[in-house]
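Have a look at the structure below before the remarks.
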Amino acid sequence: MLALKGKVCLVTGGASGLGLEIIEQLLREEAVSVIFDIESEGFRALQNRPDLAVFKCDVTDEEQVANSIKAVTEQFGQIDVLVNNVGILYSAPLISFGGGGLKLHDSSEWQRVISTNLSSAFYMTKHAVQAMLTRRTKGVIVNITSISARGNAGQSAYSAAKAGLEALTKVWAKELPVFGIRCFAVAPGFCDTESTHVAVNETILQDTIKRVPLKRLGKTAEIAAFVVAGIKNDYLNGKVLEIDGGLVI
Amino acid sequence: MQTVSNSSTSKNSEALDEIFQEFLRIPKGTATDAMTMEDVESWDSLKHMELIVAIEERFGFQLTFDEIGTMQSLGAIRDLVNTKSAA
Ligand SMILES: NC(=O)c1ccc[n+]([C@@H]2O[C@H](COP(=O)([O-])OP(=O)(O)OC[C@H]3O[C@@H](n4cnc5c(N)ncnc54)[C@H](O)[C@@H]3O)[C@@H](O)[C@H]2O)c1
């Protein structure tokens, strides 16, 4: 089992929601906890925390990613764990008919969702793995996907991005073990986060809860505990761990 | 310029032949210095990384990215291993 004490763990989008909960649990394991996030209320609130290293980095910009990873390795010597947690939920049908007539899925939203949820993880992993290789670190990559990767109606971009990330999980789980690096994904169902309440209309959310056999939303602490357990388990590689109260069985 | 003893060079050569056989499927005794990725079907970029890790583990040294960049033929790999293991 991997002992996390003193290990350098980097979580993207760690300034709020699930990412912040993962960070808090890593801190309890005495890991050196590093966040990449963009300017936001959550980001500003963390600036004065002495137990955290918070880097301003838009993970959709490869140059910022490369520079920030370099800064982390200069400050802490290495990167042991990367959690690709940044993600934005976006729902829109491919085609719809409303009051204004025919409406097509906006292509710029498609690009934004793919870039934030998928390309970001590609850039982060590429540069983090380079840093791991340089120092011959036996690292762990975790991708946060979603049960939507199975293909949710009304979520072309989000589902495609998360399915892409699950494919990358499998590719990296085959490519990277030769260097002692493993990779797995955690796919949450619906969680009780601000982002869920903002993105999902209350009626749809209540209907969804009825479809969850456990009849409730997931808590970020439950998902984060799953992530941390996976990081510590040296035999976990290439799997997508779904945690959704039984919504998808 | 470092001089490398004949016996250590031949030991290295034997160990490398074993690695070339295991990772690149080149039967022992048939590997020539001129062989490159283009000549060996199973030698792709992924196999190349496995080869590097196997060489590092076998010889107990770490290769830099610049050194890895020079490993374009079996002869270049042999030269690099001989120089590194003599250092
Ligand atoms: N909340 C859920 O119910 C749920 C369900 C399934 C999957 N997920 C996944 O879990 C992950 C976290 O979700 P959450 O609900 O905690 O989200 P959130 O919106 O609360 O947090 C996301 C964080 O990412 C940051 N971020 C956004 N764009 C960024 C960028 N370009 N560069 C750097 N940081 C950026 C935000 O500032 C924010 O701090 C996402 O990948 C999401 O898809 C969440």
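Observations
- Within the stretch B:38-59, being more than 10 Å from chain A (Cβ to nearest Cβ) and either of a type in the set (F, W, Y) or open to solvent by less than 70 Å² (accessible area, probe 1.4 Å) (or both) holds for B:V40, B:S42, B:W43, B:H48, B:I55, B:F59.
- The selection criterion, being touching a Phe, Trp or Tyr at 6+ places or on another chain (Cβ under 9 Å), within 15 Å of B:M71 (Cβ to Cβ) and touching a residue at least 40 places away in the same chain (Cβ under 8 Å), does not hold for B:A15.
- Residue in the stretch A:112-131 that is within 14 Å of chain B (Cβ to nearest Cβ) and hydrophobic (A, V, I, L, M, F, W, C) present: yes
- Selected residue (only one of A:A167, A:A128, A:A157, A:A163 is free of Cβ contacts under 8 Å to residues at least 12 places away in the same chain and of a type outside the set (S, T, Y)): A:A167
- Residue selected from the stretch A:144-180 under the condition of a type in the set (V, I, T) and away from chain B (no Cβ under 14 Å), by the criterion surrounded by the fewest Cβ atoms within 10 Å (Cβ to Cβ): A:I147
- Listed by first and then second residue, the pairs linking a residue in the stretch A:102-121 that is acidic (D, E) to a residue that is part of a helix (DSSP H, G or I), with Cβ atoms under 8 Å apart and 6 or more places separating them unless they lie on different chains, are A:E109/A:A157.
- Near pairs, Cβ below 9 angstrom, 6+ apart or cross-chain, from the stretch A:85-100 (under 25 Å from A:T145 (Cα atoms) and in contact (Cβ under 8 Å) with a residue 40 or more places away in the chain) to any residue that is part of a loop (DSSP other than H, G, I, E, B) and of a type in the set (D, E, K, R): A:A92/A:D106
- Residues in the stretch A:124-143 that are within 18 Å of the chain's Cα centre (by Cα) and open to solvent by less than 10 Å² (accessible area, probe 1.4 Å) were compared, and the one that is nearest to A:T73 (Cα to Cα) is A:A128.
- Within the stretch A:1-50, considering residues that are away from the ligand (no atom under 13 Å from the Cβ) and part of a helix (DSSP H, G or I), the one least open to solvent (accessible area, probe 1.4 Å): A:L26
- Filtered residues of the stretch B:60-82 (kept if away from every other protein chain (no Cβ under 14 Å), open to solvent by 40 Å² or more (accessible area, probe 1.4 Å) and touching a helix residue (DSSP H, G or I) at 6+ places or on another chain (Cβ under 9 Å)): B:T70, B:D79
The values are calculated or read from the model by the stated rules, or taken from the named source; none is laboratory data. Bear in mind that the values here come from a model prediction, so they are computed numbers and not experimental data. Glycine also receives a Cβ, built like all others from the backbone with ideal geometry; neighbour counts cover every protein chain displayed. We work out accessible area using only protein heavy atoms, side chains counted, and drop any ligands, DNA or RNA first. Shrake-Rupley method; radii C 1.70, N 1.55, O 1.52, S 1.80 Å.
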